[in-house]
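What follows draws every value from the coordinates through simple rules; no lab data is involved. No experiment lies behind these values; they were computed from the predicted model shown. Cβ sites come from the backbone with ideal geometry, for glycine too, and all protein chains shown count toward neighbours.
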Amino acid sequence: MARNSLRPTVPDLVVLSLLTERPRHGYELNQELIRREVKDWAGISRPQVYYSLKKLLQRGWVQRVVTDLPSAGPEKQVVEPTAAGLAVLQQALGEPHWAQHRPVPPFATWLALSRHASHDQRLHCIELRRHHLQDELDKERQTLAAIKAESGPMTQTAMLMIELVIRQFEVELFWLDEVQAVLLP
C-alpha cells in the first residue's frame, strides 16, 4: 500500500476534530457539520462522513464507545478518537500545504478569459459577482453576530474564520469597481 493512501483526507480530519469534543455517531456528526456550516470551510459531504468513520475505524484512529443511551432506530455506532487518531490529526495539521496552497477562484478564471466575452456579458458577470459577494457578505455578518453570542470550543476560531471571509468579500467588492472600469471603459 502506498504511503499517501494512509494519509488522512480533509473529511477524515474534520471528523476527527469533531470527535475530540466528545464521542458521536455519524448522524450527529452530520447535524453538527450542518450547524457549523461546514460547506463554507471544508469540502465534506454527508456520505463522506460515513466513509471517513468506516476508514477511521479500520485504521484504528477511532474506537467504538459502548453507551447505554436508548436508540430510536438501528443501533448507532458512537466513536471517539484513539491516541493514534489524535496523533494523526496533530501531525496532519503540522504539514506545510495548509499555508502554502492557493486555490483558484472561478471568477479569476473567468477574468482571464473575459476578453472573449461581449461587453454585455462582461457587465452581466461583474454585476452577478457583485450581487453574490454582497449577499454572502450580508450572510457572513449575520453569522458573525450569531457566533459572538455563543460560547464553545470553536467560537474564537469561527469568529476568526468569518472575519477573514468578510474582509476578503469587502476587498473584492472594492476591487470589482476597478475591474469594471478596466473591462468596460
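What FRET efficiency comes out for the pair Ala145/Thr9, r = Cβ-Cβ distance, R0 = 30 Å, nearest 0.05? Working shown, then result.
On the way: r = 33 Å, r/R0 = 1.09.
That gives a FRET efficiency of 0.40.
Enumerate the calculated ³J(HN,Hα) couplings along the stretch 121-138 in order (Karplus 6.51 cos²θ - 1.76 cosθ + 1.60, θ = phi - 60°), each rounded to whole Hz, writing x wherever the residue is Gly or Pro.
Along the stretch 121-138, the couplings run 5, 4, 4, 4, 5, 5, 5, 4, 5, 4, 5, 4, 4, 5, 4, 5, 4, 4 Hz.
So, R0 is 35 Å and r is the distance between the beta-carbons of Leu111 and Leu160; what FRET efficiency does that work out to, to 0.05? Numbers along the way, then the final one.
Details: r = 28 Å, r/R0 = 0.81.
That pair, Leu111 with Leu160, gives E of 0.80.
Just how many % of Cα pairs in the chain lie over 22 Å apart, if you round to the nearest whole percent?
Values: 10192 of 17020 pairs.
Value for the chain: 60 percent of Cα pairs lie more than 22 Å apart.
Note down the relative contact order for the stretch 21-130 as a percent, whole number, built from C-alpha pairs under 8 angstrom at least six residues apart. The partial results should precede the final answer.
Values: 59 pairs, mean separation 27.3, N = 110.
Rounded, it is 25 percent for the stretch 21-130.
Assuming a viscosity of 1.306 mPa s and a temperature of 10 °C, what translational diffusion coefficient in µm² per second does Stokes-Einstein assign to the stretch 1-68, Rh being the Kirkwood radius over Cα pairs? The partial results should precede the final answer.
Working: Rh = 12.5 Å.
Answer from the Stokes-Einstein relation: 127 µm²/s.
In whole Hz and in residue order, list the ³J(HN,Hα) couplings for the stretch 174-185 that follow from phi through the Karplus curve 6.51 cos²θ - 1.76 cosθ + 1.60, θ = phi - 60°; x for Gly and Pro.
For the stretch 174-185, the Karplus curve yields 5, 5, 4, 4, 5, 4, 4, 5, 7, 7, 10, x Hz.
Sequence neighbours fewer than 8 away in the same chain don't count; with that in mind, list the lysines whose C-alpha is under 29 Å from Lys55.
Lys55 reaches Lys39, Lys76.
What value, in deg cm²/dmol to 500, does the helix sum -39500 (n - 2.57) over DSSP H runs of n ≥ 4 give at 222 nm once divided by the residues of the chain? Please list the in-between numbers first.
Numbers: 8 runs with 117 residues, N = 185.
The helix contribution divided over the chain gives -20500 deg cm²/dmol.
Using a Gaussian network model on the chain with a 10 Å cutoff between Cα atoms, which of Pro81, Pro153, Pro105 fluctuates the most?
Pro105
Arrange Thr155, Thr82 by Cβ neighbour counts within 10 Å, fewest through most, would you? If you can, show how the numbers build up before the last one.
Details: Thr155 13, Thr82 18.
Ordered by Cβ neighbours within 10 Å, fewest first: Thr155, Thr82.
For the stretch 92-135, taking Cα atoms only, what is the radius of gyration to one decimal and the Dmax to the nearest whole Å?
15.5, 47
Just rank Trp61, Trp41, fewest to most, by other beta-carbon atoms within 10 angstrom.
Details: Trp61 24, Trp41 15.
Result, fewest neighbours first: Trp41, Trp61.
Report, by chain and number, residues whose modeled amide H sits under 5 Å from the one on Arg24, excluding near sequence neighbours (fewer than 5 apart, same chain).
Val79
Largest first and in whole Å, what are the equivalent-ellipsoid semi-axes of the stretch 106-183 based on the Cα gyration tensor, each being the root of 5 times an eigenvalue?
After scaling each eigenvalue by five and taking roots: 33, 11, 9 Å.
Taking θ as phi - 60°, what are the ³J(HN,Hα) couplings along the stretch 39-52 by the Karplus curve (6.51, -1.76, 1.60), each to the nearest whole Hz, with x for Gly and Pro?
4, 7, 9, 7, x, 8, 9, 4, x, 5, 4, 5, 5, 5
Hey, fewest Cβ within 10 Å first, where do Tyr50, Tyr27 land in order?
Details: Tyr50 16, Tyr27 13.
Listing Tyr50, Tyr27 from fewest to most nearby Cβ atoms yields Tyr27, Tyr50.
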